[in-house]
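S.K.: Here it is: the structure, laid out below.
The values are calculated or read from the model by the stated rules, or taken from the named source; none is laboratory data. Bear in mind that the values here come from a model prediction, so they are computed numbers and not experimental data. Cβ placement follows ideal geometry from the backbone for every residue including glycine, while neighbour counts extend to all protein chains displayed. Each accessible area value is taken on the protein alone, full model and side chains, heavy atoms only, with ligands, DNA and RNA left out. Shrake-Rupley method; radii C 1.70, N 1.55, O 1.52, S 1.80 Å.
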Amino acid sequence: MSEQSTLPGVSKAKWSFKDVVYKVMNKSEQDSEAHRIYRSYPGHDIKGSWAPKTTDAAEETVPGIQHPGSTGVIYCTDRAMANGFSYDAAGWANLGQGAPEVGDIPGSVPKPTSIPVPHDSLEYAPTTGVKALRQAVADLYNHTYRQGKESKYTAENVCIVPGGRAGLSRVASVIGEVYCGYQIPEYTSYSSMLAAFRRLLPIPTALTAEMQYKLDLEKTAKDVREQGLQVIVASNPRNPTGQVIRGDDLKQLVQLTRDTKVTVVLDEFYSWYIYPENEAEYGQSVSAAEYVDDVNEDSVVLIDGMTKNWRLPGWRVCWVVGPKNMISALSQSGSFLDGGANHPLQLAAIPMLQPDIVKQDKLALQRHFKMKRDHVLARLENMGLKVQVPPQATFYIWLDLSSLPGELNNGLTFFEELLKEKTIVVPGYFFDINPADRRDLFASPCHHFVRISFGPPLAQLDLGLDAMERIIDRVRKGSVHLGAYKTWDAVEGVAEHIEKHI
């Protein structure tokens, strides 16, 4: 066996304790089973030419077909199924799901258990959607966000789409070859969208805990002017960090579309999931529609639907709201991308958009999900995992694992260990929007995070939190792990002390 060390310039025969520590502290993907599993899935190989391929080219057995790679939730579900998970399996806690609980909650309007299916609805719906639903969406936006404004949305400003990702894909397909600004961390599907529609040239901005994961509007305006950004894509409220742009900040972002030639595309699927501390603020929601001056001139595109706010993810009835010219373009792209949303379910959605029903459901949702948020945050803190930037919105917690011992402090390993306890979370890496997939997993700014969803019912949340507590307790009660030390200086000091006394 060769005596050549894997440490730069050091032979194995001359390894000191510090060399071993160096090796531990500078792990690569090949040193971690969880990371090797991720890379082994078709489409998850590193795309950069500098890195060795870990996916066998022979896997692509159909000529001309290449795996695009799965989004985070799909990968996590596949791995869970490989470990015995199914949607009807007892004892599993799915804290990775990107969907809210769908049953009745205290104070909500009961969910429909059947819907009428008139014969006319057996035909295809228009690619822009049923006109009556389009008008109902426009009326709801005008009632909620545009009272007292001269410019109002109409059916011509609304396109019904079969799901949020279909809406994003339609929008992406009609954007020309432009620089597209986005933020990290962000919704996992954005990476696939930017990779598939390569006319969108991605320009990332990193958001950090130190800045409360808040969009720097001055920097954004500077990027638009100096880098020539023509499109900005963002979720608001933000998945996975649970933060939200609202008030004057949101007003400034919309104003940027008037001051410059930039289009702002906002995924507003969590617009009801706002958690106020003041009782009087319950029932409010957030949308850039409130700050649009002219609905046909301001280049603001909004995507929302029944999936999250109405808690009907299986319906796949969503919408894009924007200038009429944008909607006509989406009609054309929908004719070859997806063909349109389900006709009977579009009709069934219309009465659910009545303002009095919306008000009741919004209040019930905010009270119920705020209770669950506070419960999960309290339990995490009891485990020694205090969330640095608690969510103000959505139903996600962006959890930093860097304080945990050893290899448990990265998202992929934590995820794999939880699967053994029948619990699913989503590793933070999936929210590192990296369309070229060139970064080493260990180099990702999201590597030490997981996203925890408090979308499921409370009993399932506790089942998953119990599993997390068991794993963390076992590791903390075990032998000392070098990875527990937070800085190189601390590890170097321990290494020098041991070398002197052995």
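S.K.: Looking only at strands (runs of 3 or more DSSP E) that fall completely inside the stretch 235-325, which ones have 2 or more residues that are open to solvent by less than 20 Å² (accessible area, probe 1.4 Å) and either acidic (D, E) or farther than 30 Å from A209 by Cα (or both)?
M.R.: Passing ranges, in order: 318-321.
S.K.: Among the numbered criteria (1) crowded, with 20+ Cβ neighbours inside 10 Å; (2) farther than 30 Å from D356 by Cα; (3) β-branched (V, I, T), which single criterion is violated by V137?
M.R.: That leaves (2) as the condition not met.
S.K.: Could you pull out the residue among P106, P42, P100, P126 that is in a loop (DSSP other than H, G, I, E, B) and modelled with pLDDT under 95?
M.R.: Matching residue, one of P106, P42, P100, P126: P42.
S.K.: Any residue that is touching a Cys at 6+ places or on another chain (Cβ under 8 Å), within 21 Å of Y190 (Cα to Cα) and either open to solvent by 30 Å² or more (accessible area, probe 1.4 Å) or part of a loop (DSSP other than H, G, I, E, B) (or both) - is there at least one of those in the stretch 435-457?
M.R.: no
S.K.: Also, I was wondering about something else. Considering only the stretch 199-210, state which residues are part of a loop (DSSP other than H, G, I, E, B) and under 20 Å from V262 (Cβ atoms).
M.R.: Once the filter is applied, which keeps residues that are part of a loop (DSSP other than H, G, I, E, B) and under 20 Å from V262 (Cβ atoms), the stretch 199-210 yields R199, L207.
S.K.: Oh, and also: What are the residues in the stretch 447-461 that are over 20 Å from F430 (Cβ atoms) and free of Cβ contacts under 8 Å to residues at least 40 places away in the same chain, if any?
M.R.: The one that is over 20 Å from F430 (Cβ atoms) and free of Cβ contacts under 8 Å to residues at least 40 places away in the same chain: A459.
S.K.: Here's another thing I want to ask about it. Output the residues belonging to the stretch 160-184 that are among the hydroxyl-bearing types (S, T, Y) and in a helix (DSSP H, G or I).
M.R.: Passing the criteria: S169, S173.
S.K.: Would you check which residues across the stretch 100-128 are more than 16 Å from K362 (Cα to Cα) and among the hydrophobic types (A, V, I, L, M, F, W, C) and list them?
M.R.: Across the stretch 100-128, the qualifying residues are I115, V117, L122, A125.
S.K.: Take the residues in the stretch 411-434 that are open to solvent by less than 10 Å² (accessible area, probe 1.4 Å) and in a loop (DSSP other than H, G, I, E, B); name whichever of them is modelled with the highest pLDDT.
M.R.: The qualifying residue modelled with the highest pLDDT is V425.
Residues checked against (1) in a helix (DSSP H, G or I); (2) more than 28 Å from K422 (Cβ to Cβ); (3) modelled with pLDDT under 65; (4) not assigned by the TED database to the domain that holds Y273:
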{"site": "V21", "(1), (2), (3), (4)": "yes, yes, yes, yes"}
{"site": "K27", "(1), (2), (3), (4)": "no, no, yes, yes"}
{"site": "I46", "(1), (2), (3), (4)": "no, yes, yes, yes"}
{"site": "S49", "(1), (2), (3), (4)": "no, yes, yes, yes"}
{"site": "A58", "(1), (2), (3), (4)": "yes, yes, yes, yes"}
{"site": "M81", "(1), (2), (3), (4)": "yes, no, no, yes"}
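S.K.: Could you go through the stretch 69-77 and let me know if any residue there is surrounded by fewer than 18 Cβ atoms within 10 Å (Cβ to Cβ), among the hydrophobic types (A, V, I, L, M, F, W, C) and under 22 Å from G464 (Cβ atoms).
M.R.: yes
S.K.: Do the conditions hold for N94, that is, is it open to solvent by 10 Å² or more (accessible area, probe 1.4 Å) and in contact with a Phe, Trp or Tyr (Cβ under 6 Å, 6 or more places away or on another chain)?
M.R.: Taking the combined requirement at face value, the residue does not satisfy it.
S.K.: Please list, ordered by first then second residue, the pairs with beta carbon atoms under 9 Å, 6 or more apart or interchain, first in the stretch 163-184 and within 21 Å of L253 (Cα to Cα) and open to solvent by 20 Å² or more (accessible area, probe 1.4 Å), second of a type in the set (S, T, N, Q) and assigned to a helix (DSSP H, G or I).
M.R.: Correct list of pairs: Y179/Q227.
S.K.: Name the single residue that is surrounded by the fewest Cβ atoms within 10 Å (Cβ to Cβ) among those in the stretch 352-404 being within 15 Å of G455 (Cβ to Cβ) and of a type in the set (S, T, N, Q).
M.R.: Residue satisfying both the conditions and the ranking: Q366.
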